[in-house]
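Values quoted throughout were computed directly from the atomic coordinates according to the rules given, and no laboratory measurement underlies them. For clarity, every value in this text was computed on a predicted model and none was experimentally measured. Note that we place each Cβ from the backbone using ideal geometry, even for glycine, and neighbour counts take in every protein chain shown.
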């Protein structure tokens, strides 16, 4: 269901952030999850918004950022997941991604980091967005 990495980066003495990657396309999920682990993040993975909610409700799991695709099968898409996070996990950051152009306006209202991260995205752009969110959260 989820995978946890405890790799610590040499450049950072601060606690690692934990990212929940929510993506139904397994190859996309594996590539970005592995890249985030290589960058020193703890990573959990979910194949659907419903699976993500189960992980987020788990008392032994602490997540700083949810990185989710918008378009996923099931009763809840990425927008629904972002709304659930806002209602149930205040302060948790959400980054949404999609290849669908129409998704950008809705994402802008649900994500503190601004507009949607458009697919295909360079993996480093995800890391940059996470760092931006964490820096902003520390200032508040």
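A few remarks follow.
- Contact order relative to length of the range 18-139, as percent, for alpha carbon pairs under 8 angstrom and 6 or more apart: 21 percent
- In terms of overall dimensions, the range 18-139 has a Cα radius of gyration and Dmax of 12.8, 36 angstrom.
- Listed peptides 124-132, 72-80, 84-92 by packing density, highest first (mean Cβ within 10 Å): 72-80, 124-132, 84-92
- Label point 7 Å beyond Cα of residue 25 along Cβ direction - residues of the range 73-87 with amide nitrogen under 14 Å: 73
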